[in-house]
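Chemist: Pasting a structure here, questions to come.
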Amino acid sequence: MYARMVRNPSLPQSLIPTRSGRALTGTWTRADSRRALLESRLFDMAVIGGGVIGAAAARDAASRGLSVALVEKDDFAGATSSRSTKLLHGGIRYLPQMRLRLIRQGLREQDVLRRTADFLYSDLDFVIPLIRGRRIVSLPRWLTAGPLASVSLRAGLSLYDGLGGRRGSDRHRRLGKPDLMRAFPKLRTESLVEGFSYRDALTDDSRLTVAFLKTAVTSHGAVAVSRMAACSIDTAGDELRVGLTDNGPEGDGRPVVVRARTVVSATWAFAPPPLDGRSPEVSRRLSKGVHLVYRAEDLGVRDTALVLPETDDGRLLFVVPWRGLALVGTTDTPYRQDPDRVRPDEDDMEYLERHLARYLDHSASPMAAFAGLRTLAADREPVSAASREHRIVERAPGVFAVVGGKLSSARVIGAKAVDRACARLRIDQPSGTASEPLVGAGADAAFRERIRTGLARIQLPEDYGDDLIGRYGTEAGEVLHILEQRPAWRGLMAPARISAAEVAYTALHESVASIGDFALRRTRLAWSSPDHGRSHAPRIASTLSSVLDWSSHRATNEIADYADELSVLGL
């Protein structure tokens, strides 16, 4: 499963997990990856963008035997790929638009991720309440708010089940009013008639992105470097040259060039780099999606998601349980400002709070809010109705740009982009990612018991093992190794139950290079804590200093940088 370890003498060797006295391969640090990127070599593919689609493309290409270098201007999953609704779904909201191919693709990908990324996959039931006088999405009111509402909704959910090949208990079912009240005790009962439940799935978007990359790097030898911004692509005979700017602390201002035979640009909301000095002509537009974050108990949310069936602009909203939190979203409004500065504003938050109050009787205030961007086709449809289907544009021979797409289809989109590149390279090797497990997959009952027993042995809560496996899968064993080696790193950071050992693990094996990388993306410490992790920042900095050999001056600056990052996000 693991690639050859790149030995870095600065790494604390006692923290590198061992089995039977042998060090495991699979370390992935920014410093090592940067050195590998700067080696003079010609890559088969350069991938620009470390979101979920770029990560999926890098993993797919590397698994086919291509040499791959991926660069990301900030942190992996640093933008929209850590700010979604966390759903792996076909998209029930696309039924009125009859985007059946897109729905079928998303639903089929659920089966793939259930097999290949089991620790990051959870089935999730959704409940749609029928409320007298209120319609469902943008269908005609006579069809969805009158006596035909129940019939039309059942027909739509039957189609959804059919597109996903649902059988037995996975199919939708009708719920009476008592069922609805048991599932959502704070649901308003005025005019409540009945409801229906259907099944979709839940993931951790940023951890799925990192799992794609970790598999590419540690299983297949790819190079993936964060804080390395692509600023140009130039053609030069039979090769392409990607000009880079090193945004990391090691950068010295000198230009960096990576040579590749093909380039896949998956920059999502950000424009691809200029090609031979020409600005890109890829047409797209942006839509902002905002979510509110509540404590799940404050909204009476347990293990089922709620669909809010009518909004002022004829859309669906979701209330999604996620790791002790409840996510409420999302908005869908045009965005024309700087993609690097996207954040919720008062209108976004008021819109979501107003609609939530129509359906739930609660007095809670959100803990936080976050915003991400969608990339949509440049057509005349309103953004809420615009297609989420992707396009792959060949800007020049061997230079491909991915436009659009969604989290649920990321693996498929990555595979299709690599198909195009392989055709250019005359490589006849099909994708195998529909069956290849990601690093961390396969945590069975025996493994779970081993982790629980190990934690009890060092006097940590046994159920902390469930948290570890939910984040790292079978790699939780490597976190346990660090916990055993370093007793000082065993204390859990409340309320999220995250240890300093996880900081060390992610620095060594997931290219964490800042406090924000850890607290905002590799874990959800920032979203679970009332102060968004500010009080834990010195402890995280201290651990990263031990693992990455930071100076005290660097650690102090990193704490200040984290505060600035939270401020930019509006936290």
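Chemist: Please find, within segment 118-134, the residue that is most open to solvent (accessible area, probe 1.4 Å) out of those that are touching a helix residue (DSSP H, G or I) at 6+ places or on another chain (Cβ under 7 Å) and closer than 19 Å to Asp170 by Cβ.
Modeler: Ranking the candidates gives Tyr121 first.
Chemist: Within segment 267-289, is there a residue that is closer than 27 Å to Ala507 by Cα, in contact with a strand residue (DSSP E or B) (Cβ under 8 Å, 6 or more places away or on another chain), hydrophobic (A, V, I, L, M, F, W, C) and modelled with pLDDT of 95 or more?
Modeler: no
Chemist: Would you please list the contacts, defined by Cβ atoms under 7 Å and residues six or more apart or on different chains, that run from a residue in segment 524-549 that is buried (at least 18 other Cβ atoms within 10 Å of the Cβ) to a residue that is among the acidic types (Asp, Glu) and assigned to a helix (DSSP H, G or I)?
Modeler: Close Cβ pairs satisfying both conditions: Ala541/Glu558.
Chemist: Looking only at residues in segment 440-492 that are in contact with a helix residue (DSSP H, G or I) (Cβ under 8 Å, 6 or more places away or on another chain), of a type in the set (Gly, Ala, Ser) and farther than 19 Å from Asp204 by Cα, which one is surrounded by the fewest Cβ atoms within 10 Å (Cβ to Cβ)?
Modeler: Step by step, filter segment 440-492, then rank; the result is Ala488.
Chemist: While we're looking at this one, here's another question. Identify, by number, the condition in (1) surrounded by 21 or more Cβ atoms within 10 Å (Cβ to Cβ); (2) out of contact with any His (no Cβ under 6 Å at 6 or more places or on another chain); (3) part of a loop (DSSP other than H, G, I, E, B) that Pro437 doesn't meet.
Modeler: (1)
Chemist: Go through (1) part of a loop (DSSP other than H, G, I, E, B); (2) of a type in the set (A, V, I, L, M, F, W, C); (3) under 24 Å from the mean Cα position of the chain (by Cα); (4) within 30 Å of Thr267 (Cα to Cα) one by one and return the number of the condition Val412 breaks.
Modeler: (1)
Chemist: Here's a follow-up. Looking only at segment 398-434, which residues are open to solvent by less than 20 Å² (accessible area, probe 1.4 Å) and over 25 Å from Asp276 (Cβ atoms)?
Modeler: Result: Gly405, Ser408, Ser409, Ala410, Ile413, Gly414, Ala415, Thr433.
Chemist: Quick one: His532 ticks every box in (1) in a loop (DSSP other than H, G, I, E, B); (2) modelled with pLDDT under 95; (3) of a type outside the set (A, V, I, L, M, F, W, C) bar one, so which box is it?
Modeler: For His532, the exception is condition (2).
Chemist: Follow-up question, since we're still on this one. Which one is farthest from Leu240 (Cα to Cα), of the residues in segment 255-270 that are open to solvent by 50 Å² or more (accessible area, probe 1.4 Å) and in a strand (DSSP E or B)?
Modeler: Only one residue tops the list, namely Val257.
Chemist: Also: Considering only segment 176-186, state which residues are open to solvent by 10 Å² or more (accessible area, probe 1.4 Å), within 10 Å of Pro129 (Cβ to Cβ) and either touching a residue at least 40 places away in the same chain (Cβ under 8 Å) or in a strand (DSSP E or B) (or both).
Modeler: Hit for segment 176-186 is Ala183, nothing else.
Chemist: For segment 208-250, enumerate the residues that are part of a loop (DSSP other than H, G, I, E, B) and at pLDDT below 95.
Modeler: Hits for segment 208-250 are Gly237, Asp238, Asn247, Gly248, Pro249, Glu250.
Chemist: Being modelled with pLDDT under 95 and not in a helix (DSSP H, G or I) is the filter here; which residues of segment 498-529 pass it?
Modeler: Those that are modelled with pLDDT under 95 and not in a helix (DSSP H, G or I): Arg524, Ser529.
Each row is one residue, and each column tells you yes or no for (1) within 30 Å of Pro495 (Cα to Cα); (2) aliphatic (A, V, I, L, M).
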| position | (1), (2) |
| --- | --- |
| Gly248 | no, no |
| Arg259 | no, no |
| Val263 | no, yes |
| Phe270 | no, no |
| Pro273 | no, no |
| Arg278 | no, no |
| Ser283 | no, no |
| His291 | yes, no |
| Ala296 | yes, yes |
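Chemist: Right, next: Pairs needed: first member in segment 16-35, modelled with pLDDT under 50 and open to solvent by 30 Å² or more (accessible area, probe 1.4 Å); second member anywhere, part of a helix (DSSP H, G or I) and of a type in the set (S, T, N, Q); C-beta distance under 8 Å; at least 6 residues apart or different chains.
Modeler: As it stands, the answer is Ala23/Gln13; Thr25/Thr218, since those pairs meet every condition given.
Chemist: Restricting attention to segment 442-497, which residues are among the charged types (D, E, K, R), outside any helix (DSSP H, G or I) and either in contact (Cβ under 8 Å) with a residue 12 or more places away in the chain or in contact with an Asp or Glu (Cβ under 9 Å, 6 or more places away or on another chain) (or both)?
Modeler: Answer for segment 442-497, where residues must be among the charged types (D, E, K, R), outside any helix (DSSP H, G or I) and either in contact (Cβ under 8 Å) with a residue 12 or more places away in the chain or in contact with an Asp or Glu (Cβ under 9 Å, 6 or more places away or on another chain) (or both): Arg486, Arg490, Arg497.
Chemist: Can we say Arg199 is within 30 Å of Leu308 (Cα to Cα) and either part of a loop (DSSP other than H, G, I, E, B) or open to solvent by 10 Å² or more (accessible area, probe 1.4 Å) (or both)?
Modeler: Considered against the rule, which asks whether it is within 30 Å of Leu308 (Cα to Cα) and either part of a loop (DSSP other than H, G, I, E, B) or open to solvent by 10 Å² or more (accessible area, probe 1.4 Å) (or both), Arg199 comes out as yes.
The values are calculated or read from the model by the stated rules, or taken from the named source; none is laboratory data. From a predicted model like this one, the values you see are computed outputs, not experimental measurements. All Cβ positions, even for glycine, are placed from backbone atoms using ideal geometry, and neighbour counts span all protein chains on display. Accessible surface is based on the protein model in full, side chains and every heavy atom, while ligands, DNA and RNA are left aside. Shrake-Rupley method; radii C 1.70, N 1.55, O 1.52, S 1.80 Å.
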